[in-house]
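The values are calculated or read from the model by the stated rules, or taken from the named source; none is laboratory data. None of the values given here were measured: they were computed from a predicted structure. Every residue, glycine among them, receives a Cβ derived from its backbone with ideal geometry; neighbour counts consider all protein chains shown. We work out accessible area using only protein heavy atoms, side chains counted, and drop any ligands, DNA or RNA first. Shrake-Rupley method; radii C 1.70, N 1.55, O 1.52, S 1.80 Å.
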Amino acid sequence: MSDKKQVSAHFHTNLGLYWLVSGALLISVSVVGFPLLLLWFPLGIWATRRYIANMSAELTEQKLIVRKGLITRTENTIPLDKITDMALIQGPIMRLFGLHKLTVETAGQSGTGALINLVGVVDVYHFREQVLTQKSLLNQRQENATQPPTLDALFVENLQQINATLLRIEQILTSHSSQ
């Protein structure tokens, strides 16, 4: 079975600004942090742009592929049938920027928390719905493939085999009568 790309996630343009403001708030909490703010914004702007440029989330027929990272790049491939939960989280700063964090949890994952965290997906509700819909379609196909054939299906299959046998007999008789 081919694994064609279904959907690619896009990320909000203000995601970098959200990360800059969040980082600045954390840095400014400490007394030592104020001088670091002078470095944070120029370095942070460059780092967030690069990080967002390296982020991608792609839904295929059978899996969700998430790529991200700045220095260490990671690619997580999650089979859709292993996904157990896709939660949406929105803190107060995220609400201010109109962003959500999408968390993906899987069966058999080690440790606590989500396996994947995606922040700033454009139309995150629609993206989550598409992943869950594709997961349901995949589960239905797998269930149909594992179900024993019905009596009607067996009857049709037997008729097709009888038809094929009769065609072979007819070909043999036709070739013998022409000789």
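Structure data summary
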{"item": "Percent accessible area from carbon and sulfur atoms, the chain, protein chains only, probe 1.4 Å", "result": "60 percent"}
{"item": "Range in the chain, longest, excluding exposed trypsin sites (Lys or Arg not before Pro) [loop by DSSP; at most 13 other beta-carbon atoms within 10 Å]", "result": "74-179"}
{"item": "Surface per residue (accessible, 1.4 Å probe) for the chain, Å²", "result": "67 Å²"}
{"item": "Helix 151-177 vs. the chain, principal-axis angle (Cα, 0 to 90°, nearest 10)", "result": "50 degrees"}
{"item": "Amide proton proximity set for residue 106, modelled H, under 5 Å, gap of 5+", "result": "84, 115"}
{"item": "Dimensions (Å) - the chain, Cα atoms, principal axes, largest first", "result": "102, 34, 28"}
{"item": "Calculated FRET value between residue 89 and residue 155, using beta carbons and R₀ = 45 Å, to 0.05", "result": "0.25"}
{"item": "Computed accessible area, residue 178, all protein chains, 1.4 angstrom probe, square angstrom", "result": "90 Å²"}
{"item": "20 Å Cα-Cα reach of residue 101 towards aspartates and glutamates, excluding residues that sit fewer than 8 places from it in its own chain", "result": "58, 75, 85, 123, 129"}
{"item": "Mean separation of Cα contacts under 8 Å (6+ apart) over length of the chain, as relative contact order %", "result": "18 percent"}
{"item": "Among 29, 124, 66, residue whose mean-square fluctuation peaks in a GNM of the chain (springs only between Cα atoms under 10 Å)", "result": "29"}
{"item": "Highest-MSF residue in the chain out of 138, 102, 154 [GNM, Cα springs under 10 Å]", "result": "154"}
{"item": "Gaussian network model of the chain, springs between alpha carbon atoms under 10 Å - residue of 98, 108, 23 with greatest fluctuation", "result": "108"}
{"item": "Per-residue HN-Hα couplings for the range 88-105 [Karplus 6.51, -1.76, 1.60; θ = phi - 60°; Hz; x = Gly/Pro]", "result": "10, 10, 9, x, x, 6, 4, 4, 4, 9, x, 10, 10, 9, 9, 10, 10, 10"}
